[in-house]
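> Questions regarding the structure given below will be posed in turn.
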Amino acid sequence: MKDYYATLGVSRDASEADIKKAYRKLAREHHPDVAGPDGGDHFKNVAAAYEVLGNADKRAQYDRGVDPRAASGGQGGAQGYGFEDIFEQFFGGSGSPFGGAQQRGPASRTQRGGDTLVQTSISLEEAVFGAKREIQVDLADTCETCRGTCCAPGTSPETCRQCNGAGMIQRTARSLLGPVMTTSPCPGCGGYGTIIRQPCADCSGQGRTHSRHTISVDIPAGVETGTRIRLPNRGDAGVGGGSKGDLYIEIREQQHPTFERRGDDLHCTVEVPMTAAALGATMGVDTFDGEQQIDVRPGTHAGSTVRLRGLGVGRLQRGSRGDLFVHLDIQTPSELDDEQRELMRQLAVMRGEELPEATLAPIGGGVFSRLRDAFKVR
């Protein structure tokens with residue numbers, strides 16, 4: 001483990017003020033502007049030592065035999081001074097002891113276009129089978145007049161005289177370690193290194209214009225609210241002739257008056273007359289796939305479910321479909337004429353139910369549990 005105390009030339013019981021004083025003294029001596037390029041390594045060692053000893057928590061770890069810089073892969077932590085903080089203070093954020101203007105260079109006017117998000121609503125049936133949509137959207141296009149150069153036809157950008165095309169300028173600034181050289185974007189050209197004297201009139205020097213587009217989108221089966229379909233390179237054109245961004249189509253699924261979607265399955269409720277539930281029947285149910293026949297078995301109870309496989313929502317990118325669950329709602333007649341009421345009495349007598357008694361059913365076997373189980377079915 002490196003001896004950071006020896007690097008700063010202080011004892012292990014040195015105070016915070018002594019450590020800071022030793023660091024400032026050594027940093028001035030080994031600063032690259034003073035010692036030249038050969039001082040870069042010495043300066044790094046001094047900065048690393050102060051990064052650890054100048055922070056109470058890191059110093060405590062170091063005194064226990066743990067090098068916090070080694071534990072973090074040699075990178076500065078979130079507390080105290082890190083390498084990037086020190087270099088930014090001395091060199092204007094260049095991160096190099098040999099200056100930053102040569103490393104950065106002028107900024108490019110060409111920028112990638114932004115991504116565009118458009119929402120569209122679809123019906124439940126379109127989510128089941130998929131659909132094709134035509135969507136209107138305003139997008140940026142590369143300017144046809146300047147072809148993305150941002151300059152008026154027949155002109156070109158001029159080299160900035162203030163920075164001579166470097167895009168950055170250097171200044172001498174005073175710091176706690178004395179005079180240091182800093183770099184910053186050129187105020188004359190904004191860091192681009194060139195100046196556009198005659199911008200394109202059609203795009204106002206942006207290299208792009210806006211227009212309305214009609215985009216054809218294939219919406220696959222199985223999408224739902226929140227699903228985003230990505231169309232690469234179909235978004236806004238970039239500034240200065242930059243490449244296009246992506247276009248995202250976000251789905252909003254509309255509710256259906258009859259069917260309810262739960263994942264890849266569909267659910268609906270069918271009203272069954274009491275007599276059909278008692279005697280059994282075959283009934284037709286309208287689905288997205290046309291009319292389907294369901295068998296109501298004799299003695300069917302309220303809350304029973306009939307499962308129609310493969311008639312649910314298409315599974316996204318899998319080719320198969322979910323199921324359709326038909327929940328049976330047994331309808332008890334509320335209005336009976338005299339003849340019907342008499343027939344019901346006779347039936348009750350025949351079944352021994354003219355004086356019915358309430359019988360507690362075991363937990364798990366009642367109508368509510370059947371309804372609960374039906375809703376759990378996927």
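> Among all the lysines, which ones have a C-alpha under 29 Å from Lys21's C-alpha, if same-chain residues fewer than 8 places away are not counted?
Lys2, Lys44, Lys58
> Using a 1.4 angstrom probe on the protein heavy atoms only, line up Arg315, Arg351, Arg345 by accessible area, largest first.
Arg351, Arg345, Arg315
> Right, next: Among Cys203, Gly235, Ile215, which residue has its Cα positioned farthest towards the positive end of the charge dipole of the range 143-238, with +1 placed on the Cβ of Lys and Arg, -1 on the Cβ of Asp and Glu, and the dipole taken about the Cα centre?
Towards the positive end, the residue furthest out is Cys203.
> Please list 236-243, 335-342, 284-291 highest first by mean number of surrounding beta-carbon atoms within 10 Å per residue. It would help to have the intermediate numbers written out before the result.
Values: 236-243: 20.5, 335-342: 9.2, 284-291: 12.8.
Per-residue Cβ counts within 10 Å, averaged per peptide and sorted highest first, yield 236-243, 284-291, 335-342.
> Right, here's the next one. If I take R0 = 45 Å and measure r between the Cβ atoms of Asn164 and Arg12 in this structure, what FRET efficiency does the formula 1/(1 + (r/R0)^6) give, to the nearest 0.05?
Result of the calculation: an efficiency of 0.30.
> Which FRET efficiency value, to the nearest 0.05, is calculated for Asp337 and Glu125 with the Förster distance at 35 angstrom and r the Cβ-Cβ distance? Mind dumping the intermediate values first?
Working: r = 42 Å, r/R0 = 1.19.
Efficiency, rounded to the nearest 0.05: 0.25.
> Which FRET efficiency, nearest 0.05, do Asp218 and Arg262 yield, Cβ-Cβ r, R0 22 Å?
The value I calculate is 0.30.
> To continue, here is another question. Calculate the dipole size of the range 178-296 relative to its Cα centre from +1 charges on Lys and Arg beta carbons and -1 charges on Asp and Glu beta carbons; express the result in debye to the nearest 20.
1240 debye
> Continuing with the same structure: Might you report the magnitude of the Cβ-based charge dipole of the range 118-169 about its Cα centre, with Lys and Arg at +1 and Asp and Glu at -1, to the nearest 20 debye?
Charge dipole, the range 118-169, about its Cα centre: 300 debye, nearest 20.
> In terms of solvent-accessible area of protein heavy atoms at a 1.4 angstrom probe, what is the ranking of Lys25, Lys44, highest value first?
Lys25, Lys44
> Can you send over the carbon and sulfur percentage of the accessible area for the range 216-286, probe radius 1.4 Å, protein chains only?
After summing per-atom areas, the C and S share lands at 45 percent.
> Keeping all protein chains in position, work out how much accessible area Arg12 exposes to a 1.4 Å probe, and write it in Å² to the nearest 10.
Counting only protein heavy atoms, the figure is 130 Å².
> Starting from the Cα of Lys244, draw a straight line to each of the aspartates and glutamates and keep only those under 19 Å, dropping any in the same chain fewer than 8 residues away.
Partners found: Asp115, Asp138, Asp141, Glu144, Asp236.
The values are calculated or read from the model by the stated rules, or taken from the named source; none is laboratory data. Owing to the predicted nature of the structure, the values given are computational and were not obtained by experimental measurement. Cβ coordinates were reconstructed from backbone atoms using ideal geometry, including for glycine residues, and neighbour counts include every protein chain displayed. Each accessible area value is taken on the protein alone, full model and side chains, heavy atoms only, with ligands, DNA and RNA left out. Shrake-Rupley method; radii C 1.70, N 1.55, O 1.52, S 1.80 Å.
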